[in-house]
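Peer 1: The following block contains the structure, expressed as structure tokens.
Since every read-out is calculated from the coordinates, none of them should be taken as a lab result. Computed from a predicted structure; not experimentally measured. In this analysis, Cβ positions are derived from the backbone assuming ideal geometry, glycine residues included, and neighbour counts consider all displayed protein chains.
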Ligand code: SF4
Ligand code: SF4
């Protein structure tokens, strides 16, 4: 998704926070709570032989932090990233 597709408020969040969600794959239970609750739909789920895990497309994450609240296993963190915004 392009920057033009997101709202002004979301663009402000992107510029202000400069953070992106990161999921620890080794701790992820694959429950999809984050996947189902990311309004930007930038969390993907990958199946594996032990059930699966989720990961974030950091290019499109706006760092809103909503997924952190949804994770019952506390395996999502917000990390500072370098952006050009
Ligand atoms: S921080 Fe927000 S946009 Fe980024 S993955 Fe989590 S819920 Fe989605
Ligand atoms: S909510 Fe947490 S445990 Fe569940 S899939 Fe997302 S990162 Fe994994």
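Peer 1: Label-point separation (nm) for residue 27 and residue 59, each offset 7 Å from Cα along Cα-to-Cβ?
Peer 2: 2.7 nm
Peer 1: Let me ask something additional. What order do you get for 24, 48 when you list them from fewest to most C-beta neighbours inside 10 Å? Walk me through the intermediate numbers first.
Peer 2: On the way: 24 14, 48 9.
The fewest-first ordering by Cβ neighbours comes to 48, 24.
Peer 1: Would you please give the FRET efficiency between residue 48 and residue 80, computed as 1/(1 + (r/R0)^6) with r the Cβ-Cβ distance and R0 = 35 Å, to the nearest 0.05? Write down the numbers at each step before the final one.
Peer 2: Details: r = 29 Å, r/R0 = 0.83.
In this case the efficiency is close to 0.75.
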